[in-house]
Amino acid sequence: MPILKIQDFNKLIQSKKTSPVYLFAGEEAYLIDLCLNKIEKLLAVDDLNREVFYASDSNSEDILNAVFTLPFLSDKRLIIVKGINKMRATDAEHITRYLSNASDTSCLVLLYSDNYKKESIAKRRELVNACTSSKNCVAVDCRRQYESEAKEFIKSVLTDKGKNASSKIISRILEENGTDLLNISNEIEKLSLYVGKNKKEITESDLEKVGGYTKEVNIYALSSDIESKNLKRAIFVLEKLLNEGEEPVMVLSAISSSIRKMLNAKSMLEEQNMSASEVASALRIHSFYAGTFFSNLKKHNTKTLKESLKSILQADTSIKTGGNDAVSALEKALLFVCK
C-alpha cells in the first residue's frame with residue numbers, strides 16, 4: 001500500500017479495521033501523535049497489552065518478543081516503537097523481515113519523527129520502503145503541512161470546538177504561528193477558552209487580547225518561536241519588539257535565555273537521565289506549556305544549540321561596538337538558531 005496522506009488515513013480509520021503494522025513518519029510531531037492516539041482509541045487495550053519501546057535504547061529481539069506475546073484477555077496487543085529514525089541498522093533489518101510474517105494478534109506501530117525521505121542509513125531506508133510497500137502495513141505521511149493545508153487544519157479545529165472565524169482571522173493565526181500544528185492547536189485552545197462556550201465567532205479583538213502585544217508577552221512569544229524553529233514568526237515578533245522601543249540588548253538576552261534553557265533541558269534529559277516532569281520542575285516550566293516545550297526540544301540538537309550561543313555572542317559584540325546595525329545582528333542570530 002502506498003504511503004497515505006493524513007486525510008486518507010482519517011477516512012481509513014473510520015472503517016474500524018486495523019492493520020498488523022503502522023508507520024507514522026514525518027517532521028510534524030503533532031500529526032504523528034494524532035495518528036497514534038487514533039490507533040490507541042480504536043484498539044482500546046489496557047496496560048497489560050500495551051508496551052512502548054524507544055528504538056535508540058531497545059533491540060529488535062525485545063520488540064519482536066513483545067509482538068509475538070499473546071494478548072491477555074484481549075483480541076490484540078499494542079506495541080509502540082518510538083524514534084525508529086534512530087534504530088540500529090541490524091534491528092531495522094530484523095523488523096523489515098517481520099513485515100512479511102506479521103502477527104495477527106498484535107498491532108506494531110512504528111514512529112519515525114523526522115524527514116524519512118532523507119534517511120541515510122541503508123537498512124533503515126529499506127525498512128521505510130518495506131513499510132510503504134507491504135500489504136501488512138499502513139504507512140502515513142506526517143510531513144510538515146503547506147500553508148493551504150494548515151489553513152484547512154485551523155478550520156477543522158475551530159469547527160470541532162464549535163467556533164467560526166473569518167478567512168482574515170485564519171490567515172492571521174497562520175501568520176503568527178507558522179505551519180507548526182502543535183502551536184496552532186495551542187493557540188486555538190487559548191482562543192476557545194477566552195471567548196467561552198457561548199460565543200461562536202472569534203474576532204480580531206479576541207485574537208489581539210489572547211495573542212497580546214505587550215513587550216512582556218512578545219518576549220515570551222519570541223522564546224516560544226525559537227523553541228519551535230518558527231523563523232518567520234520569530235522575525236515578525238522581533239520587528240514588533242523593536243518597533244515598541246525594546247532595547248536590542250534585551251531582545252538578545254531573551255534569545256540567549258531560550259537557548260540556555262533548551263541546553264539545560266537537553267543535559268538533564270540525556271546526561272542526567274532525568275524525566276520530563278523533573279526537568280520541567282527544575283526549569284520552572286508550567287505544566288500547561290511543558291508538552292509543547294518538550295515536543296519542540298526534539299527539533300534541536302545539543303551541538304547546534306552550543307553553536308547558536310557563539311552566534312549570539314557575535315551579535316552581542318556587533319551591537320555593542322556598532323559593527324553592524326542592531327536589526328541585522330538580531331536577524332542573523334535568529335536565522336542561525338532557527339535554521
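Each row is one residue, and each column tells you yes or no for (1) touching a strand residue (DSSP E or B) at 6+ places or on another chain (Cβ under 9 Å); (2) free of Cβ contacts under 8 Å to residues at least 40 places away in the same chain.
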residue: K5; (1), (2): yes, no
residue: Q14; (1), (2): no, yes
residue: S19; (1), (2): yes, no
residue: G26; (1), (2): yes, no
residue: A29; (1), (2): no, no
residue: I32; (1), (2): yes, no
residue: K41; (1), (2): no, yes
residue: A44; (1), (2): no, yes
residue: D47; (1), (2): no, yes
Discussion item. Looking at D8 and the list (1) crowded, with 16+ Cβ neighbours inside 10 Å; (2) modelled with pLDDT under 95, which single condition is not satisfied?
Written reply: (1)
Worksheet item: Looking at segment 36-119, what strands (runs of 3 or more DSSP E) fall wholly within it and have at least 3 residues that are farther than 14 Å from C137 by Cα?
Response: 50-54, 77-82
Discussion item. For the list (1) at pLDDT below 90; (2) closer than 21 Å to S133 by Cα, I need the number of the one condition that S56 fails.
Written reply: (2)
Worksheet entry | Pick from segment 262-314, criterion among the β-branched types (V, I, T) and within 21 Å of the chain's Cα centre (by Cα), ranking: nearest to L252 (Cα to Cα) | T304
Worksheet item: Is there a residue in segment 163-179 that is on the phi < 0 side of the Ramachandran plot, touching a strand residue (DSSP E or B) at 6+ places or on another chain (Cβ under 7 Å), crowded, with 21+ Cβ neighbours inside 10 Å and at pLDDT 90 or above?
Response: yes
Item to complete: Would you check if there is a residue in segment 264-271 being assigned to a helix (DSSP H, G or I), surrounded by fewer than 14 Cβ atoms within 10 Å (Cβ to Cβ) and of a type in the set (K, R)?
Response: no
Worksheet item: From the residues in segment 154-202 that are under 22 Å from the mean Cα position of the chain (by Cα) and of a type in the set (D, E), which one is nearest to K240 (Cα to Cα)?
Response: E176
Discussion item. Just to check your reading of the model, which residue among S167, S100 is without any contact (Cβ under 8 Å) to a residue 24 or more places away in the chain and either over 27 Å from K41 (Cβ atoms) or not assigned by TED's automatic domain parsing to the domain that holds I39 (or both)?
Written reply: S167
Discussion item. Taking the conditions exactly as written (within 12 Å of P20 (Cβ to Cβ) and in contact with a strand residue (DSSP E or B) (Cβ under 6 Å, 6 or more places away or on another chain)), does A66 satisfy them or not?
Written reply: no
Response to the item:
Residue pairs qualifying under the 7 Å Cβ cut-off, at least six apart or on distinct chains, with the first in segment 149-162 being in contact (Cβ under 8 Å) with a residue 12 or more places away in the chain and in the same structural domain as S185 (by TED's automatic domain parsing) and the second being loosely packed, with under 15 Cβ neighbours inside 10 Å and assigned to a loop (DSSP other than H, G, I, E, B), are G162/K200
Worksheet item: For segment 77-87, which residues satisfy the criterion of being of a type outside the set (A, V, I, L, M, F, W, C) and under 23 Å from the mean Cα position of the chain (by Cα)?
Response: K82, G83, N85, K86
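Yes/no per residue for (1) touching a Pro at 6+ places or on another chain (Cβ under 6 Å); (2) touching a residue at least 60 places away in the same chain (Cβ under 8 Å):
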residue: P248; (1), (2): no, yes
residue: K261; (1), (2): no, no
residue: L269; (1), (2): no, no
residue: S277; (1), (2): no, no
residue: S281; (1), (2): no, no
residue: I319; (1), (2): yes, yes
residue: D325; (1), (2): no, no
residue: E331; (1), (2): no, yes
residue: F336; (1), (2): no, no
Worksheet item: Here is a list of conditions, (1) among the polar types (S, T, N, Q); (2) surrounded by fewer than 18 Cβ atoms within 10 Å (Cβ to Cβ); (3) within 23 Å of V52 (Cα to Cα); (4) touching a residue at least 12 places away in the same chain (Cβ under 8 Å), and S106 meets all of them except one; can you say which number that is?
Response: (2)
Practice prompt. Hey, could you check segment 100-116 for residues that are farther than 11 Å from V128 by Cα and aliphatic (A, V, I, L, M) and say which is nearest to the chain's Cα centre (by Cα)?
Written response: V109
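The values are calculated or read from the model by the stated rules, or taken from the named source; none is laboratory data. Treat the numbers as computed from the prediction; the structure is a model and nothing was measured. Every residue, glycine among them, receives a Cβ derived from its backbone with ideal geometry; neighbour counts consider all protein chains shown.
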